[in-house]
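A short worksheet on the structure shown next.
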Number of protein chains: 2
Amino acid sequence: MTDSSDAPTPLFDTLVVIGPGLIGASVLHRARRDRTIARRLIAVDINPAFRERVRELGIADEVTGDAAAAVADADCVMLCVPVGAMGEVAATVIPAMKPGAILTDTGSTKVAVIEAIRPFLRPDVPYVPAHPMAGTEYSGPDAGFATLFDNRWCLLTPLPDNAPDSVEAITTLWQLCGARTRDMTPEHHDRVCAIVSHLPHLLAFTICGTADDLADETRSEVLEFAASGFRDFTRIAASDPIMWRDIFLSNREAILEMLSRFLEDAQAMARAIRWGDSDYIVDRIERGRSIRRSLLENRQA
Amino acid sequence: MTDSSDAPTPLFDTLVVIGPGLIGASVLHRARRDRTIARRLIAVDINPAFRERVRELGIADEVTGDAAAAVADADCVMLCVPVGAMGEVAATVIPAMKPGAILTDTGSTKVAVIEAIRPFLRPDVPYVPAHPMAGTEYSGPDAGFATLFDNRWCLLTPLPDNAPDSVEAITTLWQLCGARTRDMTPEHHDRVCAIVSHLPHLLAFTICGTADDLADETRSEVLEFAASGFRDFTRIAASDPIMWRDIFLSNREAILEMLSRFLEDAQAMARAIRWGDSDYIVDRIERGRSIRRSLLENRQA
């Protein structure tokens with residue numbers, strides 16, 4: 001031990017975060033606060049305004065637009081860009097990484113992201129996909145904060161050829177961020193997220209669009225009298241459009257399947273309302289309540 | 001003035017609240033706290049357990065199960081029962097009211113409630129329909145609190161033959177509860193509420209039901225990994241089943257029309273996802289964001 005301080009050795013020497021938006025900036029805040037994740041933090045963004053904000057926030061030791069140069073000395077490179085940009089960024093970054101450095105990502109869909117990155121993988125650069133299930137309706141570097149991941153889940157979808165130590169390192173990284181971790185296959189991940197996150201966002205965007213299309217008089221009153229139901233939907237619907245477009249397109253099959261189930265159920269509810277089928281309506285409402293009770297018991301609500 | 005205290009004369013001498021659940025108990029809390037709404041407060045409920053809780057909460061001077069006896073001396077009778085029970089309760093209550101006393105209700109739908117009450121109306125008992133747009137996902141007497149209506153809207157839908165002083169009294173009552181008031185027709189009220197409140201609740205109940213129907217493995221993970229989107233929906237879906245069944249059935253036409261528009265839009269979104277129509281997806285997401293921005297400017301969010 002040449003380290004003269006009492007501080008424990010960080011998990012990595014140099015961590016590069018590519019795309020310091022809500023998720024990436026939150027990782028940087030946490031790493032900067034605790035100093036247990038990495039000794040040196042580098043933030044990369046193609047947007048000069050975002051680089052400037054990251055500098056002003058003081059959450060990275062270096063801020064640059066040159067991803068290839070930034071990753072040359074990295075021990076871990078984390079891709080936090082929209083899922084539609086993962087392949088392109090991986091193509092730039094992977095050839096510049098040093099042997100043994102770990103690549104990871106934070107994409108909200110896993111099958112499509114892994115497919116996009118796979119062509120550029122090198123045998124000496126392990127890639128461990130992950131998805132921290134945390135967020136707010138805000139986006140950009142200013143949206144990040146150190147406690148975003150506390151007690152939230154981070155789902156890892158390790159690849160069959162991942163060496164255990166690389167999976168362990170990324171698991172530890174997220175636990176140091178405050179998250180609980182779980183491994184599953186990419187396919188199962190995408191199905192679970194389709195129902196718990198992607199479909200709710202799709203419905204929220206849609207109902208806001210439906211309201212926006214109403215005749216002017218009603219539309220202005222929607223704004224004026226937004227009761228709790230609609231207001232909650234607009235909060236969800238305030239999320240970043242490019243991120244969500246990419247999620248919908250890259251998790252297409254699972255989302256379309258869940259949406260199709262949902263639309264069948266909504267049609268059945270419409271039919272029950274039209275024909276006055278009280279028992280059916282109450283049964284469906286009770287199911288919703290039972291899910292809520294289970295969530296409260298699981299302390300997820 | 002025979003009143004020897006400095007307190008202003010309350011709006012009513014005796015106020016009877018029939019159905020002291022979330023809304024009714026909140027009115028009682030407010031009236032008890034400020035003493036400006038009524039000198040004497042009577043709560044009526046058919047459920048002995050609810051009567052017992054109201055007694056324990058100490059928010060009424062009298063608590064009874066006998067509606068006809070309770071309203072005999074009332075200056076104002078407020079029906080806070082589920083909208084499907086309004087007609088039946090009105091049939092019991094109206095013949096027992098004294099001439100000049102005002103009847104009002106707090107139902108979430110107005111056309112159907114007015115139709116249900118109309119057959120029992122007397123020319124000497126003015127009926128002023130109202131709908132306080134406030135609530136939480138909790139129900140029953142324990143859910144009530146004095147500040148529930150602060151800065152929320154209460155929509156009044158006066159009838160053509162309402163004398164101005166009766167409308168003014170109910171308007172003042174809700175303003176004393178902390179609410180902002182607005183008059184509109186019952187038909188317009190039902191249309192606005194269908195989109196801002198009833199449809200969001202219907203979608204929330206439905207997605208929870210859809211999740212509940214998933215194969216056991218996925219269902220248990222839905223509970224475990226409920227991300228913010230789904231969790232927000234379950235909060236909305238925790239509301240009282242009988243109340244919502246009644247709302248859906250009694251505002252059938254407006255809800256089915258809004259649901260039909262929504263389903264068309266959701267199908268169009270599904271088609272855009274299937275065929276990769278990025279521009280359409282982003283356009284719909286942007287509309288949701290613009291509604292949210294307008295809400296924030298209106299300070300409704």
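The values are calculated or read from the model by the stated rules, or taken from the named source; none is laboratory data. For clarity, every value in this text was computed on a predicted model and none was experimentally measured. When we count neighbours, we look across all protein chains shown, and the Cβ atoms used for this are built from the backbone with ideal geometry, even at glycine.
Taking (1) in the same structural domain as residue B:149 (by TED's automatic domain parsing); (2) more than 22 Å from the chain's Cα centre (by Cα) in turn, residue B:213 satisfies each apart from (1). Within segment A:118-136, the set of residues being assigned to a loop (DSSP other than H, G, I, E, B), buried (at least 19 other Cβ atoms within 10 Å of the Cβ) and under 17 Å from the mean Cα position of the chain (by Cα) comprises A:133, A:134, A:135. Between B:150, B:165, the distinction of being more than 12 Å from chain A (Cβ to nearest Cβ), part of a loop (DSSP other than H, G, I, E, B) and acidic (Asp, Glu) belongs to B:150 only. Taking the criterion of being surrounded by 23 or more Cβ atoms within 10 Å (Cβ to Cβ) and more than 7 Å from chain B (Cβ to nearest Cβ), the only residue of segment A:229-242 that qualifies is A:239.
Within segment B:113-144, take every residue that is in contact with a Ser or Thr (Cβ under 6 Å, 6 or more places away or on another chain) and either farther than 29 Å from residue B:100 by Cβ or among the aliphatic types (A, V, I, L, M) (or both) and give me the one that is farthest from the other protein chains (Cβ to nearest Cβ). Ranking the candidates gives B:128 first. Hey, does segment A:151-167 have a residue that's crowded, with 20+ Cβ neighbours inside 10 Å, at pLDDT 95 or above, of a type in the set (Gly, Ala, Ser) and closer than 24 Å to residue A:111 by Cα? There is at least one residue in segment A:151-167 that is crowded, with 20+ Cβ neighbours inside 10 Å, at pLDDT 95 or above, of a type in the set (Gly, Ala, Ser) and closer than 24 Å to residue A:111 by Cα. For segment B:267-278, the condition of being part of a loop (DSSP other than H, G, I, E, B) and either more than 7 Å from chain A (Cβ to nearest Cβ) or within 17 Å of the chain's Cα centre (by Cα) (or both) holds for at least one residue. Residues of segment B:7-25 include at least one that is assigned to a loop (DSSP other than H, G, I, E, B), over 20 Å from the mean Cα position of the chain (by Cα) and closer than 20 Å to residue B:128 by Cα.
Residue count for segment A:53-71, restricted to those that are among the basic types (Lys, Arg) and touching a residue at least 12 places away in the same chain (Cβ under 8 Å): 1. Any residue that is facing another protein chain (nearest Cβ under 7 Å), under 19 Å from residue B:264 (Cα atoms) and either outside any helix (DSSP H, G or I) or modelled with pLDDT under 85 (or both) - is there at least one of those in segment A:248-264? Checked against the condition, which is being facing another protein chain (nearest Cβ under 7 Å), under 19 Å from residue B:264 (Cα atoms) and either outside any helix (DSSP H, G or I) or modelled with pLDDT under 85 (or both), segment A:248-264 yields no hits at all. When segment B:137-147 is filtered for residues that are over 14 Å from the mean Cα position of the chain (by Cα) and either modelled with pLDDT under 95 or part of a loop (DSSP other than H, G, I, E, B) (or both), the ones remaining, listed by number, are B:145, B:146, B:147.
Within segment B:58-78, identify whether any single residue is under 17 Å from the mean Cα position of the chain (by Cα) and crowded, with 18+ Cβ neighbours inside 10 Å, and answer yes or no. Looking for residues that are under 17 Å from the mean Cα position of the chain (by Cα) and crowded, with 18+ Cβ neighbours inside 10 Å, one finds at least one in segment B:58-78, hence yes. For segment B:26-44, the set of residues classified as assigned to a loop (DSSP other than H, G, I, E, B) and without any contact (Cβ under 8 Å) to a residue 60 or more places away in the chain consists of B:35 only. Restricting attention to segment B:104-117, does a residue exist that is more than 19 Å from the chain's Cα centre (by Cα) and modelled with pLDDT of 95 or more? No, segment B:104-117 contains no residue that is more than 19 Å from the chain's Cα centre (by Cα) and modelled with pLDDT of 95 or more.
Residue by residue, here is whether (1) over 25 Å from residue A:187 (Cβ atoms); (2) in contact (Cβ under 8 Å) with a residue 12 or more places away in the chain holds:
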| position | (1), (2) |
| --- | --- |
| A:229 | yes, no |
| A:232 | yes, no |
| A:235 | yes, yes |
| A:238 | yes, yes |
| A:254 | no, yes |
| A:260 | no, no |
| A:275 | yes, no |
| A:278 | yes, no |
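Sub-6 Å Cβ pairs linking a first residue in segment B:72-97 that is among the polar types (S, T, N, Q) to a second residue that is surrounded by fewer than 24 Cβ atoms within 10 Å (Cβ to Cβ), at least 6 apart or interchain, are B:92/B:67; B:92/B:68, ordered by first then second residue. Here residue A:197 clears all of (1) of a type in the set (Ser, Thr, Tyr); (2) within 19 Å of residue B:215 (Cα to Cα); (3) at pLDDT below 85 except the condition numbered (3). Please state which of the following conditions residue A:167 fails to meet, knowing it meets all the rest: (1) touching a residue at least 12 places away in the same chain (Cβ under 8 Å); (2) in contact with a strand residue (DSSP E or B) (Cβ under 7 Å, 6 or more places away or on another chain); (3) outside the structural domain of residue A:22 (by TED's automatic domain parsing). Evaluating residue A:167 over (1) touching a residue at least 12 places away in the same chain (Cβ under 8 Å); (2) in contact with a strand residue (DSSP E or B) (Cβ under 7 Å, 6 or more places away or on another chain); (3) outside the structural domain of residue A:22 (by TED's automatic domain parsing) leaves (3) as the failure.
When the residues of segment A:185-228 are filtered to those that are part of a loop (DSSP other than H, G, I, E, B) and more than 8 Å from every other protein chain (Cβ to nearest Cβ), the one that is surrounded by the most Cβ atoms within 10 Å (Cβ to Cβ) is A:185. Taken as a whole, the structure places residue A:45 among residues that are in contact with a helix residue (DSSP H, G or I) (Cβ under 9 Å, 6 or more places away or on another chain), among the acidic types (Asp, Glu) and buried (at least 24 other Cβ atoms within 10 Å of the Cβ). Within segment A:280-301, residues that are more than 12 Å from residue B:137 (Cβ to Cβ) sit with their Cβ atoms under 6 Å from residues that are modelled with pLDDT of 80 or more and among the charged types (D, E, K, R), at 6+ positions apart or across chains, in these pairs: A:281/B:245; A:282/B:245; A:287/B:212; A:291/B:212.
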